[in-house]
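Trainee: Sharing a structure here in C-alpha cells format.
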Amino acid sequence: MKTLIIQSYRRHDVPAWIDRCLLSVRAWAASSGHDYLLTDDSAFDLCGPDYLAKVGDNPRSKTNLCRLELIARAHADGYDRAIWMDADIFVFAPKRLVFEPADGIVFSRETWLWPKGEGWEIIKTLNNCVVASPSGDKDLGFIIGAIRHVAAHHPIDHNFRVGVDLIRGLHRFMHFDLTSSVGMFSNHTVVAIAHGREGLLRLQAIHHQAPVYAANLCASDHMTPVVPERDAHQAMDILQATRGEVINGHLGASAAGE
C-alpha cells in the first residue's frame, strides 16, 4: 500500500522538542517504507481565500481544514493512503507502530487526564492529531464539506468549531474507526513522565486500555501550565529509552512488550 505521511510546521523558530518530534516521525516513516512530506504554513493556501478570511489569524483553525485537504491532494497524486500526524507527535517505539489498513477514515483515540478537585478527570474521546484515510474514502469529502459549511455560515469563535468538536459530533453517528497506538498525553501527563509520578502514569495506562507507541505530547505554549522544555525533553528521553514501557508497563508485560 503506497502511503504518504504528512506533517506541517512553520520553518522559523522551531522549538527543539518539536524538531525532535518531527525527526522521529520522519525516521519511522522511512523505516516503515512510507513516503514523507513536511510542509509549512504555505499549505494553508489549500483552504482557499474565503475560508482563510472567515477564520482569521488562527493557525489551528487553518490546520483543521488544511490537514484534510493535504490528504485529499495525496489521494489525487496517486497514494493509496495518506496519514496526517501532528507536529508534536513523538514516536518512541517505531518497530511497534503500525497503522493497519482500514476501509474508511481513522482518527486517534484520546484519553485525556486533567486535574479536578482532589483527583483527576479522565476524558475519553477521539482526536484529530492523527487522520488516516484510504483513497476513495467516502467520509473525507463529507467532513471537508462540513468544515467549510460551518465556516461559511456560522461564527468561528474557537478552532474546535471547525476541528475536533465537529468531528466528535459526527463520530456519535458515523462511528469512525479509532487507533489506540498513538496516545494523547496532556501537559500533566508529560510532566508526570518527566518526574516519575507513577500514580498518574498508571491512570493514563489503565484508562487508555491499550499500549501506545507514539504520543501527542501537548507541550505547546497554549496549554496551562506550560510544560518546561527541559521536562518535555526529559519525558521524551524516558519514553524513548523505555520504548513506552513507562506507560505501557502499567498494563502488564503481555500487553506492551517489544
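The values are calculated or read from the model by the stated rules, or taken from the named source; none is laboratory data. Here the structure is a predicted model, which means the values were calculated and not measured. Counting neighbours? That spans all protein chains shown, and the Cβs are built from the backbone with ideal geometry, glycine included.
Trainee: Determine, yes or no, whether Asp88 is out of contact with any Asp or Glu (no Cβ under 8 Å at 6 or more places or on another chain), surrounded by fewer than 19 Cβ atoms within 10 Å (Cβ to Cβ) and either acidic (Asp, Glu) or in contact (Cβ under 8 Å) with a residue 40 or more places away in the chain (or both).
Mentor: no
Trainee: Return the only residue of Ile167, Ile123, Ile143, Ile147 being of a type in the set (Val, Ile, Thr) and over 30 Å from Gly78 (Cβ atoms).
Mentor: The match here is Ile123.
Trainee: Determine if the stretch 37-57 includes at least one residue that is surrounded by 15 or more Cβ atoms within 10 Å (Cβ to Cβ), touching a residue at least 60 places away in the same chain (Cβ under 8 Å), closer than 29 Å to Asp80 by Cβ and under 16 Å from the mean Cα position of the chain (by Cα).
Mentor: Within the stretch 37-57, not a single residue is surrounded by 15 or more Cβ atoms within 10 Å (Cβ to Cβ), touching a residue at least 60 places away in the same chain (Cβ under 8 Å), closer than 29 Å to Asp80 by Cβ and under 16 Å from the mean Cα position of the chain (by Cα).
Trainee: Here is a check on your reading of the model: is Trp114 touching an Asp or Glu at 6+ places or on another chain (Cβ under 7 Å) and of a type outside the set (Gly, Ala, Ser)?
Mentor: Yes, satisfied.
Trainee: I'd like the full set of residues that are out of contact with any strand residue (DSSP E or B) (no Cβ under 6 Å at 6 or more places or on another chain), within 24 Å of Leu217 (Cα to Cα) and in a loop (DSSP other than H, G, I, E, B), limited to the stretch 58-90.
Mentor: Asn58
Trainee: Moving on. Please go through (1) touching an Asp or Glu at 6+ places or on another chain (Cβ under 6 Å); (2) more than 28 Å from Pro155 (Cα to Cα) for Leu46 and return the number of the only condition it doesn't satisfy.
Mentor: (2)
Trainee: In addition: State the number of residues belonging to the stretch 93-148 that are under 21 Å from Leu239 (Cβ atoms) and polar (S, T, N, Q).
Mentor: The number of residues fulfilling the criteria is 3.
Trainee: Can you give me the ranges of the strands (runs of 3 or more DSSP E) entirely in the stretch 153-235 with at least 1 residues that are crowded, with 23+ Cβ neighbours inside 10 Å and at pLDDT 95 or above?
Mentor: Details: elements: 177-179, 182-184, 214-216.
Once the strands (runs of 3 or more DSSP E) in the stretch 153-235 are filtered for at least 1 residues that are crowded, with 23+ Cβ neighbours inside 10 Å and at pLDDT 95 or above, what remains is 182-184, 214-216.
Trainee: Condition test on Gly78, is it of a type in the set (Gly, Ala, Ser) and closer than 19 Å to Ser180 by Cα? Walk me through how you get there before you give the answer.
Mentor: Numbers: of a type in the set (Gly, Ala, Ser): yes; closer than 19 Å to Ser180 by Cα: no.
It is false that Gly78 is of a type in the set (Gly, Ala, Ser) and closer than 19 Å to Ser180 by Cα.
Trainee: If you go through the stretch 91-136, how many residues are over 21 Å from Leu217 (Cα atoms) and in contact with a His (Cβ under 8 Å, 6 or more places away or on another chain)?
Mentor: The total comes to 3.
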